[in-house]
Amino acid sequence: MGHSDSSDGARRPLSADRRALLRLGAAGVSTVVTIRPALAQTAASVLTCEIPVPDPARAGDFIAADGSLVPTDTPGAFRPSARPFTGEEVKAALTGRSLPGVDHQRSRAYTNYIRRLQQGTSGFTCYASLQMPRA
């Protein structure tokens, strides 16, 4: 009986250590599995976020060729966009493509407006996230 007690005593610390290692390993694996989908989800949300042109608070203004907001009667200025653009559409436009549904000049004015967005303006967070490098 004494022999079995000492062998149980020797096994318990090993068993406890083994369980602790297994728990650490499992925690590490779940962390890796959890982070990768989160990054993929973030990248997807960047492409589906929306940028209104112009900000709804300035919906009555037109957009000049340089992207500034001007009164509606300004010659050469463009009407506001009828819908917001997605991050994916804006990303493509920033590389030289036109925004969907508008001609090249209007697209350039809209992208100039988007480049001028500042914190606190609707669409700024979406635009800023497009500027972040992807890993």
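Laid out as a table, the results:
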read-out: Those residues of the stretch 67-77 which are part of a loop (DSSP other than H, G, I, E, B) and either surrounded by 15 or more Cβ atoms within 10 Å (Cβ to Cβ) or in contact with a Cys (Cβ under 7 Å, 6 or more places away or on another chain) (or both), in sequence order; value: Gly67, Ser68, Ala77
read-out: Residue match in the stretch 1-23 (condition: in contact with a Pro (Cβ under 8 Å, 6 or more places away or on another chain) and either at pLDDT below 85 or surrounded by 14 or more Cβ atoms within 10 Å (Cβ to Cβ) (or both)); value: no
read-out: Residue check, Pro56 surrounded by 12 or more Cβ atoms within 10 Å (Cβ to Cβ) and at pLDDT 85 or above; value: no
read-out: Count of residues meeting criterion [in contact with a helix residue (DSSP H, G or I) (Cβ under 9 Å, 6 or more places away or on another chain), among the aliphatic types (A, V, I, L, M) and over 16 Å from Ala59 (Cα atoms)] in the stretch 110-134; value: 2
read-out: The stretch 46-66: number of residues that are among the acidic types (Asp, Glu) and in a strand (DSSP E or B); value: 1
read-out: Looking only at the stretch 78-135, and only at residues there that are assigned to a loop (DSSP other than H, G, I, E, B), out of contact with any Ser or Thr (no Cβ under 6 Å at 6 or more places or on another chain) and among the small types (Gly, Ala, Ser), the one that is surrounded by the fewest Cβ atoms within 10 Å (Cβ to Cβ); value: Ala135
read-out: Residue in the stretch 81-91 that is among the polar types (S, T, N, Q) and either under 20 Å from Ala128 (Cβ atoms) or modelled with pLDDT under 95 (or both) present; value: yes
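The values are calculated or read from the model by the stated rules, or taken from the named source; none is laboratory data. Given the structure is predicted, the values throughout are model-derived calculations rather than measurements. Cβ: placed from backbone, ideal geometry, glycine included. Neighbour counts: every protein chain shown.
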